[in-house]
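*Asks:* First the structure, which I've put down as structure tokens, then a few questions once you've had a look.
The values are calculated or read from the model by the stated rules, or taken from the named source; none is laboratory data. What you see is a predicted model, and the numbers here were worked out from it, not measured in a lab. Here the Cβ positions follow ideal geometry from the backbone for every residue, glycine too, while neighbour counts run over all protein chains shown.
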């Protein structure tokens, strides 16, 4: 089997708010939209990413219609400048759940959360602390 696309489909009652969050803060493009579903495209320098959301009352009724509860999933978005990204998101009213931090493993990062409850880890790759990864070498 050859996949044409692979994307998460997250159930939320806040469909419009979630769509608007990704369009406003991450420059997403709406690929498809109906009353109960929206499919978004997020472009990146290394390719694109598709992300979809549907309402709990969707008419297709496959297994798993329960709403996402915000646990067990992190969406990572890599950027060139995490500090600038945090300032832009904060200035546009997005919540900051984890403020900008420099992590020893080699990231400058912060976290925001979309209206559906998905935690978004915005990361900038930087040099790791001296010797950090050596202790994990096989």
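*Asks:* When you go through 45, 103 one by one, which is the residue that is within 15 Å of residue 27 (Cα to Cα), out of contact with any helix residue (DSSP H, G or I) (no Cβ under 7 Å at 6 or more places or on another chain) and either surrounded by 13 or more Cβ atoms within 10 Å (Cβ to Cβ) or without any contact (Cβ under 8 Å) to a residue 24 or more places away in the chain (or both)? Break it down into steps so the answer makes sense when it comes.
*Replies:* Values: 103 fails: within 15 Å of residue 27 (Cα to Cα).
Of 45, 103, the one residue that is within 15 Å of residue 27 (Cα to Cα), out of contact with any helix residue (DSSP H, G or I) (no Cβ under 7 Å at 6 or more places or on another chain) and either surrounded by 13 or more Cβ atoms within 10 Å (Cβ to Cβ) or without any contact (Cβ under 8 Å) to a residue 24 or more places away in the chain (or both) is 45.
*Asks:* Follow-up question, since we're still on this one. Only residues that are within 14 Å of residue 81 (Cα to Cα) and assigned to a loop (DSSP other than H, G, I, E, B): list them for the range 91-108, please.
*Replies:* Of everything in the range 91-108, just one residue is within 14 Å of residue 81 (Cα to Cα) and assigned to a loop (DSSP other than H, G, I, E, B), namely 106.
Table: residues versus (1) within 21 Å of residue 51 (Cβ to Cβ); (2) assigned to a strand (DSSP E or B).
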| position | (1), (2) |
| --- | --- |
| 84 | no, no |
| 88 | yes, no |
| 110 | yes, yes |
| 117 | yes, no |
| 120 | yes, yes |
| 123 | yes, yes |
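*Asks:* Looking at the range 26-37 only, could you name the residues that are in contact with a strand residue (DSSP E or B) (Cβ under 8 Å, 6 or more places away or on another chain) and more than 16 Å from residue 48 (Cα to Cα)? Before you say what the answer is, go through the steps one by one.
*Replies:* As a first pass, look at the range 26-37 and keep what is in contact with a strand residue (DSSP E or B) (Cβ under 8 Å, 6 or more places away or on another chain): 26-33, 36-37.
Passing the criteria: 33, 36, 37.
*Asks:* Continuing with this model, one more query. Tell me, yes or no, whether the range 5-21 has at least one residue that is over 20 Å from residue 119 (Cα atoms) and at pLDDT below 90.
*Replies:* Residues of the range 5-21 over 20 Å from residue 119 (Cα atoms): 5.
In the following step, the residues that additionally are at pLDDT below 90 were identified as 5.
Yes: the range 5-21 contains one or more residues that are over 20 Å from residue 119 (Cα atoms) and at pLDDT below 90.
*Asks:* State all residues of the range 1-42 that are in a strand (DSSP E or B), surrounded by fewer than 16 Cβ atoms within 10 Å (Cβ to Cβ) and in contact with a helix residue (DSSP H, G or I) (Cβ under 8 Å, 6 or more places away or on another chain); if no residue qualifies, say none. Give the derivation first.
*Replies:* So in the range 1-42, the residues in a strand (DSSP E or B) come out as 9-11, 29-34, 37-42.
Add one more test, that the residue is surrounded by fewer than 16 Cβ atoms within 10 Å (Cβ to Cβ), and what stays is 9, 29-34.
Correct list: 29, 30, 33.
*Asks:* Being touching a strand residue (DSSP E or B) at 6+ places or on another chain (Cβ under 7 Å) and under 24 Å from residue 15 (Cβ atoms), is that true of even one residue in the range 98-106?
*Replies:* As a first pass, look at the range 98-106 and keep what is touching a strand residue (DSSP E or B) at 6+ places or on another chain (Cβ under 7 Å): 98-103, 106.
Then keep just the ones that are under 24 Å from residue 15 (Cβ atoms); that gives none.
Checked against the condition, which is being touching a strand residue (DSSP E or B) at 6+ places or on another chain (Cβ under 7 Å) and under 24 Å from residue 15 (Cβ atoms), the range 98-106 yields no hits at all.
*Asks:* Does the range 79-95 contain at least one residue that is exposed (fewer than 13 other Cβ atoms within 10 Å of the Cβ) and under 18 Å from residue 5 (Cβ atoms)?
*Replies:* no
*Asks:* Check 69, 57 and return the single one that is out of contact with any strand residue (DSSP E or B) (no Cβ under 9 Å at 6 or more places or on another chain) and either in a strand (DSSP E or B) or touching a residue at least 40 places away in the same chain (Cβ under 8 Å) (or both).
*Replies:* Numbers: 57 fails: either in a strand (DSSP E or B) or touching a residue at least 40 places away in the same chain (Cβ under 8 Å) (or both).
The conditions single out 69.
*Asks:* With respect to the numbered conditions (1) under 30 Å from residue 16 (Cβ atoms); (2) surrounded by fewer than 16 Cβ atoms within 10 Å (Cβ to Cβ); (3) touching a helix residue (DSSP H, G or I) at 6+ places or on another chain (Cβ under 8 Å), which one is the sole condition not fulfilled by residue 122?
*Replies:* Only one criterion in (1) under 30 Å from residue 16 (Cβ atoms); (2) surrounded by fewer than 16 Cβ atoms within 10 Å (Cβ to Cβ); (3) touching a helix residue (DSSP H, G or I) at 6+ places or on another chain (Cβ under 8 Å) is unmet by residue 122, namely (2).
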